[in-house]
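So the structure is just underneath, and the comments pick up after that.
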Amino acid sequence: MSDVSSTPAEVRGQIREWLQAHWDSERPLLEWRGLLADSGWASPGWPREWFGRGLSVELARIADAERQAFGAVGPPIGSGMNLAAPTLLAHASDVLKRRLVRRILTGEDRWCQLFSEPGNGSDLAGLTTRAELDGDEWVVNGQKVWTTGARTAAYGMLLARTDWDAPKHRGITYFVLPMDQPGVEVRPLRQMNGHASFNEVFFTDARVPTDNVVGALNDGWAAALTTLAHERGLGGVRLVVSDGWQPGRTSSEAMEEATEHSRTYAWYPQRAGRPDLLAEIAREVGASAFQRQAVADVVARQRVATWNVERTRAARAAGRTPGPEGSVAKLAGSDIARRSAAAHGSMAGAAGMLTGADALRDGLIAEVLVSVPGGSIAGGTDEIQHNIVGERALGLPREPSVDSQLPFREVRTNARRA
């Protein structure tokens, strides 16, 4: 079996040999992913006891690249793989991991993130959704917002307050909440760009088994930080790499799944400002010298941001967990998006406000202009990222807090609470 001491050549040989013995392009997708999960090759960097091969980050990347080159379908993407699984592996009980982790790898269960609230976004620790123990279950009441994928998720990563007499960071518990139950209501949110990727979620006496607590009771903030670190470290929405898939039933079913997943994120390239189109549009419209300078500025910043992402990957390869470099990457992305939107607006002029088939680029520029502001809010506002970088990377004094040590029931919040 592979381990962290294997060489790249050994890893390539081992996964190639396994794929040649087990890959069948006509297998049902679920059956194939079950084989992949049980072999450890679905996520080879995970621990052996939890469906991995115990490989280093660099060797795991080599194994994934070899699988892609072979043309075999990989594990699903989304919040389950990107956020829930790393958090469960780091904090959950063996009972919970045994029940949930394999189903994430096979794609049987989808997940959503139930963190933000209408009255508490950036101040996430000020959340007021509450959970109260009733026998062997927790009863949840409250509301979450900006939840992607809530309509199709089997489980939600839920933060709820379980101790109102503890300081706000120490009275929170991290739960795995079953979404398909009478006490959970999901309502889509219509955005100003016409999409409805997000949802608000209402809990009315929703139930969570006591076994579904992740980490220690009232210490959910530690698990939440793990989820947030992985969220910020993504550097954008990860899409399925389908190039080179061997044709057949497996890849066909995987492509249907990927197409459905990508619909939610169809507007995310516009949220990033579409810097990839700047030079092309500059040539089309005959941009002025000033406008060309703005385009060059965005391209230069984008290249620097790419190098920073590579530095983050190198840190991960060295075995370090996600840190403040994820916040640097997110800040850079927000800045590039705003500058790119400004450059698009400058070149398009008033026509940039038009939508529809007869507008510039079929209204794409208008969608960029109204989508970009979301990038500075989603996943932690720019102000929060500045604090993280200042305090954790630069060693600056922490921002003064007047409520961090008070019992939470004495803390003033924007939300009403019982």
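The values are calculated or read from the model by the stated rules, or taken from the named source; none is laboratory data. Note that the structure is a prediction, hence the values are computed from the model and not measured. Quick reminder, even Gly has a Cβ in these numbers, built from the backbone with ideal geometry, and neighbours come from all protein chains shown.
How many residues are part of a helix (DSSP H, G or I) and within 21 Å of G142 (Cβ to Cβ) when one looks only at the stretch 366-418?
Looking only at that region, the number is 3.
Residues of the stretch 165-180 being within 30 Å of V402 (Cα to Cα) and in a loop (DSSP other than H, G, I, E, B), which ones?
Those that are within 30 Å of V402 (Cα to Cα) and in a loop (DSSP other than H, G, I, E, B): D165, A166, P167, K168, H169, R170, G171.
Can you find even one residue in the stretch 360-378 that is farther than 30 Å from L278 by Cα and over 20 Å from the mean Cα position of the chain (by Cα)? It would help to see each step written out before you state the result.
Within the stretch 360-378, the subset farther than 30 Å from L278 by Cα is none.
No, the stretch 360-378 contains no residue that is farther than 30 Å from L278 by Cα and over 20 Å from the mean Cα position of the chain (by Cα).
Which residue out of L83, L105 is part of a helix (DSSP H, G or I) and closer than 15 Å to H230 by Cβ?
None of the other options fit; the residue is L83.
Take the stretch 166-177 and flag every residue that is free of Cβ contacts under 8 Å to residues at least 60 places away in the same chain and more than 14 Å from V214 (Cα to Cα).
Passing the criteria: only R170.
Could you figure out which of (1) closer than 30 Å to Q143 by Cβ; (2) surrounded by fewer than 21 Cβ atoms within 10 Å (Cβ to Cβ) isn't true of P76?
(2)
Quick one: is R110 touching a helix residue (DSSP H, G or I) at 6+ places or on another chain (Cβ under 8 Å), of a type in the set (D, E, K, R) and modelled with pLDDT of 95 or more? Step through it out loud before you land on a result.
On the way: touching a helix residue (DSSP H, G or I) at 6+ places or on another chain (Cβ under 8 Å): yes; of a type in the set (D, E, K, R): yes; modelled with pLDDT of 95 or more: yes.
When the stated conditions are applied, R110 passes them.
Rundown of residues vs (1) of a type in the set (K, R); (2) within 30 Å of G54 (Cα to Cα), yes/no style:
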position	(1), (2)
E310	no, yes
R313	yes, yes
L331	no, no
D335	no, no
A348	no, no
G363	no, no
R398	yes, no
L406	no, no
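Which pairs turn up if I take residues in the stretch 130-151 that are touching a residue at least 40 places away in the same chain (Cβ under 8 Å) and farther than 17 Å from S262 by Cα and look for partners that are small (G, A, S) and not in a strand (DSSP E or B) with beta carbon separation below 6 Å, at least 6 apart in sequence or on another chain?
V145/S116; W146/S116
Give all pairs with beta carbons closer than 7 Å in which a residue from the stretch 16-39 that is among the charged types (D, E, K, R) meets a residue that is surrounded by fewer than 18 Cβ atoms within 10 Å (Cβ to Cβ); count only pairs at least 6 apart in sequence or on separate chains.
Close Cβ pairs (under 7 Å, with a partner that is surrounded by fewer than 18 Cβ atoms within 10 Å (Cβ to Cβ)) amount to R16/F70; E26/G248; E26/R249; R27/R249.
Quick one: which of W138, W164, W111, W146 is on the phi > 0 side of the Ramachandran plot and of a type in the set (A, V, I, L, M, F, W, C)?
W146
Could you run through the stretch 108-122 and say how many residues are without any contact (Cβ under 8 Å) to a residue 60 or more places away in the chain and either part of a helix (DSSP H, G or I) or out of contact with any strand residue (DSSP E or B) (no Cβ under 7 Å at 6 or more places or on another chain) (or both)?
1
Here are some conditions: (1) under 21 Å from the mean Cα position of the chain (by Cα); (2) over 30 Å from L369 (Cβ atoms); (3) among the acidic types (D, E). E231 meets all but one. Which one does it not meet?
(2)
In the stretch 255-312, how many are of a type in the set (K, R), free of Cβ contacts under 8 Å to residues at least 24 places away in the same chain and over 26 Å from W146 (Cβ atoms)? Working first, answer last.
If we filter the stretch 255-312 for residues that are of a type in the set (K, R), which is where we start, we get 263, 271, 274, 283, 292, 301, 303, 311.
With the extra rule that they be free of Cβ contacts under 8 Å to residues at least 24 places away in the same chain, the set shrinks to 263, 283, 292, 303, 311.
Those left that are additionally over 26 Å from W146 (Cβ atoms): 283, 292, 303, 311.
Matching residues across the stretch 255-312 total 4.
Of the residues D180, D163, D211, which single one is over 21 Å from the mean Cα position of the chain (by Cα) and either under 30 Å from D362 (Cβ atoms) or without any contact (Cβ under 8 Å) to a residue 40 or more places away in the chain (or both)? Even if it seems obvious, please write down each step before you answer.
Numbers: D163 fails: either under 30 Å from D362 (Cβ atoms) or without any contact (Cβ under 8 Å) to a residue 40 or more places away in the chain (or both); D211 fails: either under 30 Å from D362 (Cβ atoms) or without any contact (Cβ under 8 Å) to a residue 40 or more places away in the chain (or both).
Answer to the check: D180.
Restricting to the stretch 324-347, name every residue that is of a type in the set (K, R) and more than 23 Å from the chain's Cα centre (by Cα).
The answer is R339, and nothing else.
Determine, yes or no, whether T152 is touching a Gly at 6+ places or on another chain (Cβ under 9 Å), on the phi < 0 side of the Ramachandran plot and of a type in the set (V, I, T).
So T152 fails the test.
Quick test of your reading of the structure: A342 fulfils all but one of (1) modelled with pLDDT of 95 or more; (2) crowded, with 18+ Cβ neighbours inside 10 Å. Name the failing condition by number.
Going through the list (1) modelled with pLDDT of 95 or more; (2) crowded, with 18+ Cβ neighbours inside 10 Å, A342 breaks only (2).
Residues that are assigned to a helix (DSSP H, G or I) and within 21 Å of E253 (Cβ to Cβ): does the stretch 49-67 have at least one? Steps first, answer last, please.
To start, the set of residues in the stretch 49-67 that are assigned to a helix (DSSP H, G or I) comprises 49-50, 57-67.
Filter once more, so that each one left must be within 21 Å of E253 (Cβ to Cβ): 64, 67.
Checked against the condition, which is being assigned to a helix (DSSP H, G or I) and within 21 Å of E253 (Cβ to Cβ), the stretch 49-67 yields at least one hit.
Tell me which residues, restricted to the stretch 261-301, are loosely packed, with under 14 Cβ neighbours inside 10 Å, assigned to a helix (DSSP H, G or I) and not assigned by TED's automatic domain parsing to the domain that holds D335.
R263
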